[in-house]
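Trainee: Here it is, the structure in full.
Please treat every number below as a calculation from the coordinates, not as lab data. A quick note: this is a predicted structure, and the numbers were derived from the prediction, not measured. Counting neighbours? That spans all protein chains shown, and the Cβs are built from the backbone with ideal geometry, glycine included.
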């Protein structure tokens, strides 16, 4: 499953919000430095979908707020 994700780093509240069936907004408290925000996005999405962290991969947008993420069930 592939999902377009908009990431909001340095947020006070961490959450995953569904904007459309294939579009999410993920707010993370981690800063966008040294991959910390990306790591937290992977953790939150794995928790949200009930899969292991290794099943969540960023395909595109490693250094962007707009990401394409693949999740294996």
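Trainee: List every residue pair whose Cβ atoms lie under 7 Å apart, where the two residues are 6 or more positions apart in sequence or sit on different chains, the first residue falls within segment 36-65 and is without any contact (Cβ under 8 Å) to a residue 12 or more places away in the chain and on the phi < 0 side of the Ramachandran plot, and the second residue, located anywhere, is surrounded by 13 or more Cβ atoms within 10 Å (Cβ to Cβ) and assigned to a loop (DSSP other than H, G, I, E, B).
Mentor: Here the result reads 36/30, each pair linking segment 36-65 to a residue that is surrounded by 13 or more Cβ atoms within 10 Å (Cβ to Cβ) and assigned to a loop (DSSP other than H, G, I, E, B).
Trainee: Working only within segment 28-37, note down all residues that are buried (at least 16 other Cβ atoms within 10 Å of the Cβ) and in contact with a helix residue (DSSP H, G or I) (Cβ under 7 Å, 6 or more places away or on another chain).
Mentor: Across segment 28-37, the qualifying residues are 28, 30.
Here is a yes/no grid of residues against (1) surrounded by fewer than 19 Cβ atoms within 10 Å (Cβ to Cβ); (2) within 12 Å of the chain's Cα centre (by Cα):
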| site | (1), (2) |
| --- | --- |
| 15 | yes, yes |
| 18 | yes, yes |
| 24 | no, yes |
| 39 | yes, yes |
| 42 | no, yes |
| 50 | yes, no |
| 56 | no, yes |
| 60 | yes, yes |
| 72 | yes, no |
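Trainee: Can you give me the number of residues within segment 20-39 that are assigned to a helix (DSSP H, G or I) and under 16 Å from residue 71 (Cβ atoms)?
Mentor: The qualifying residues number 2.
Trainee: Can you tell me which residue within segment 40-68, out of those that are touching a strand residue (DSSP E or B) at 6+ places or on another chain (Cβ under 8 Å) and in a helix (DSSP H, G or I), is farthest from residue 17 (Cα to Cα)?
Mentor: The extreme case among them is 55.
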